[in-house]
1. Being more than 14 Å from every other protein chain (Cβ to nearest Cβ) and under 30 Å from B:R256 (Cα atoms) narrows it down to one residue among A:A61, A:A25, A:A74; which is it?
2. Can you pull out the residues in segment A:181-207 that are surrounded by 19 or more Cβ atoms within 10 Å (Cβ to Cβ) and touching a residue at least 40 places away in the same chain (Cβ under 8 Å)?
3. Please verify whether segment B:87-99 includes one or more residues that are at negative phi, surrounded by fewer than 16 Cβ atoms within 10 Å (Cβ to Cβ) and within 14 Å of another protein chain (Cβ to nearest Cβ).
4. Only one of B:V107, B:V123 is buried (at least 21 other Cβ atoms within 10 Å of the Cβ) and within 14 Å of the chain's Cα centre (by Cα). Can you tell me which?
5. Yes or no: B:M76 at negative phi, under 23 Å from the mean Cα position of the chain (by Cα), at pLDDT 95 or above and within 14 Å of chain A (Cβ to nearest Cβ)?
6. Can you find a residue that is within 14 Å of another protein chain (Cβ to nearest Cβ), of a type outside the set (V, I, T), within 30 Å of B:E226 (Cβ to Cβ) and not in a helix (DSSP H, G or I) anywhere in segment A:168-185?
7. Being more than 30 Å from B:S127 (Cα to Cα) and in contact with a Gly (Cβ under 7 Å, 6 or more places away or on another chain), is that true of even one residue in segment A:41-62?
8. Anything in segment A:59-75 that is free of Cβ contacts under 8 Å to residues at least 12 places away in the same chain and within 29 Å of A:F217 (Cβ to Cβ)? List them, or say none.
Amino acid sequence: MGIFGFIKSSIGQKYVVATTGLLFALFVLSHVLGNFLIFVGPEAYNMYSYKLISNPFIIVAEIGLVVLFVVHLAVAIKLTASNMVARPDKYALQAKGKKKTDPVTKAMWIQGAVIFIFMVSHLITFKYGTYYTAEYDGLVVRDLYKLMVEVFASPLFVVGYVLCMVMLGLHLSHGIQSALKTFGFNHPQYEAKVRTVGLGVALIVSLGFIAQPVYIFFFQ
Amino acid sequence: MGNDNSTEMTIHLKIWKQDGPGKKGEFISHEAKGLSSEMSFLEMLDVVNEDLVRLNQRPIEFDHDCREGICGTCSMVINGEAHGPDKEITTCQLHMRKFKDGDTITVEPFRAKAFPIIRDLVVDRSSFDRVIESGGYVSVNTGGAQDANSLPINKPDSDLAFEAATCIGCGACVASCKNASASLFVSAKLAHLSFLPQGKIEQDARTLAMVRQMDTEGFGACTNTEACEAACPKGISVENISRMNRQFLKASIKER
């Protein structure tokens with residue numbers, strides 16, 4: 001049994017979902033912070049993207065992210081399925097008063113499903129989207145900024161993007177706290193801090209990502 | 001009853017009726033008249049059952065024992081809430097004055113795969129007993145008991161152990177968790193022994209055995225919704241779940 005038995009146990013699987021989720025949260029946090037260069041201008045943004053993709057280690061990071069994503073998804077689906085099996089018959093009524101469960105915490109898998117669909121379409125739209133080029137001081141780089149302005153000219157796209165980022169924000173608002181609590185950080189010393197960190201990162205990520213297409217739509 | 005504040009009430013009940021394990025159940029409607037607002041919820045059900053017997057119908061079966069909130073036997077979900085709308089009480093401590101005259105109240109059994117329904121509102125919670133049997137004990141040598149003062153226990157640890165030990169094993173945590181997880185129960189039982197010197201010795205083996213038994217019984221996993229703490233009649237803290245997770249990881253790493 002030992003550590004291999006741990007991974008097979010329900011608590012072990014929670015650790016796996018929590019670890020991969022937290023690492024992914026760090027990725028989206030770095031992604032949103034990097035993307036703030038949109039507000040600086042096309043050159044700053046395109047050069048940032050060029051520096052990222054021209055780094056030979058980018059492929060390692062990409063494979064790492066795919067692995068994180070697949071493991072997070074697979075183990076979360078497995079846990080969610082066994083959690084549903086554990087309550088085969090539903091209650092006629094749901095608690096409404098002091099014993100009500102926060103609906104955000106109950107809908108993690110729905111938010112997850114939306115984020116999954118979003119990520120696939122996000123990669124198709126941007127990573128594998130039209131390859132425009134721009135030239136800065138004789139250096140030809142991909143003009144992602146132009147593609148973004150083109151994509152976010154559509155109000156439908158902006159609204160869809162904003163809704164998906166709300167879902168991501170909700171997912172993180174519970175996910176980060178929950179992951180830290182799964183690791184054992186639920187203690188008078190950490191409780192308030194864990195809550196603040198979880199909600200803080202969720203707000204920065206979702207509001208940060210929402211601000212970008214809205215800015216492009218109205219000001220570019 | 002007979003107290004000055006009591007008022008007469010009529011309640012429309014929708015109660016789960018199921019003839020036996022695996023049988024198809026359904027809600028039956030019953031109008032309970034002439035109730036006193038000072039009755040406990042279980043006394044109200046007693047009156048309903050007397051009515052049903054008079055009508056030559058089978059009474060509704062429900063679990064109850066001490067009727068003073070310490071045995072953890074009464075188990076039902078009232079309007080979607082385990083032990084009803086009030087915090088930190090059991091169903092037997094809930095009074096009809098919490099409801100309004102003419103209210104409709106829906107009463108269901110605790111629903112979980114690991115708590116199969118025996119009949120109506122009675123569920124089989126022996127899965128909890130098997131979790132306890134797997135490790136929820138302290139091994140002691142027989143013979144004369146040693147002097148209690150020879151085992152110093154610091155006050156904060158003794159308080160935490162005592163808080164966890166107030167768990168009455170009613171199963172409201174499982175009933176209210178969207179995943180029917182027994183994490184609060186198991187973690188409370190682990191904490192109340194592990195904080196004490198007598199229990200510390202077997203902590204690793206106990207944690208491994210009880211968590212594994214919990215998984216075997218078919219309870220769901222914890223997703224930190226904290227619905228269990230809200231429903232717990234003893235207000236047991238979800239902090240115990242985090243502690244269980246840490247101890248389970250540590251015990252798994254050390255296991256030989």
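The values are calculated or read from the model by the stated rules, or taken from the named source; none is laboratory data. The shown structure was predicted, so the numbers you read here are calculated from the model rather than taken from an experiment. Note that we place each Cβ from the backbone using ideal geometry, even for glycine, and neighbour counts take in every protein chain shown.
1. On the way: A:A61 fails: under 30 Å from B:R256 (Cα atoms); A:A25 fails: under 30 Å from B:R256 (Cα atoms).
Only one candidate qualifies: A:A74.
2. Across segment A:181-207, the qualifying residues are A:T182, A:V201, A:V205, A:S206.
3. First pass over segment B:87-99, keeping only residues at negative phi: B:87, B:89-99.
Subset that is surrounded by fewer than 16 Cβ atoms within 10 Å (Cβ to Cβ): B:97-98.
Those still in the list that are within 14 Å of another protein chain (Cβ to nearest Cβ) too: B:98.
Looking through segment B:87-99, at least one residue is at negative phi, surrounded by fewer than 16 Cβ atoms within 10 Å (Cβ to Cβ) and within 14 Å of another protein chain (Cβ to nearest Cβ).
4. Values: B:V107 fails: within 14 Å of the chain's Cα centre (by Cα).
Testing whether each residue is buried (at least 21 other Cβ atoms within 10 Å of the Cβ) and within 14 Å of the chain's Cα centre (by Cα) leaves just B:V123.
5. On the way: at negative phi: yes; under 23 Å from the mean Cα position of the chain (by Cα): yes; at pLDDT 95 or above: yes; within 14 Å of chain A (Cβ to nearest Cβ): yes.
Here the answer is yes, as B:M76 does meet what is asked.
6. Yes, segment A:168-185 contains a residue that is within 14 Å of another protein chain (Cβ to nearest Cβ), of a type outside the set (V, I, T), within 30 Å of B:E226 (Cβ to Cβ) and not in a helix (DSSP H, G or I).
7. Keep residues of segment A:41-62 that are more than 30 Å from B:S127 (Cα to Cα), which gives A:41-62.
From the residues that got through so far, the ones that are in contact with a Gly (Cβ under 7 Å, 6 or more places away or on another chain) too are A:48.
Scanning segment A:41-62, I find at least one residue that is more than 30 Å from B:S127 (Cα to Cα) and in contact with a Gly (Cβ under 7 Å, 6 or more places away or on another chain), so the answer is yes.
8. As a first pass, look at segment A:59-75 and keep what is free of Cβ contacts under 8 Å to residues at least 12 places away in the same chain: A:59-64, A:66-67, A:70, A:74.
If the condition is that a residue be free of Cβ contacts under 8 Å to residues at least 12 places away in the same chain and within 29 Å of A:F217 (Cβ to Cβ), then A:E62 is the only one that fits.
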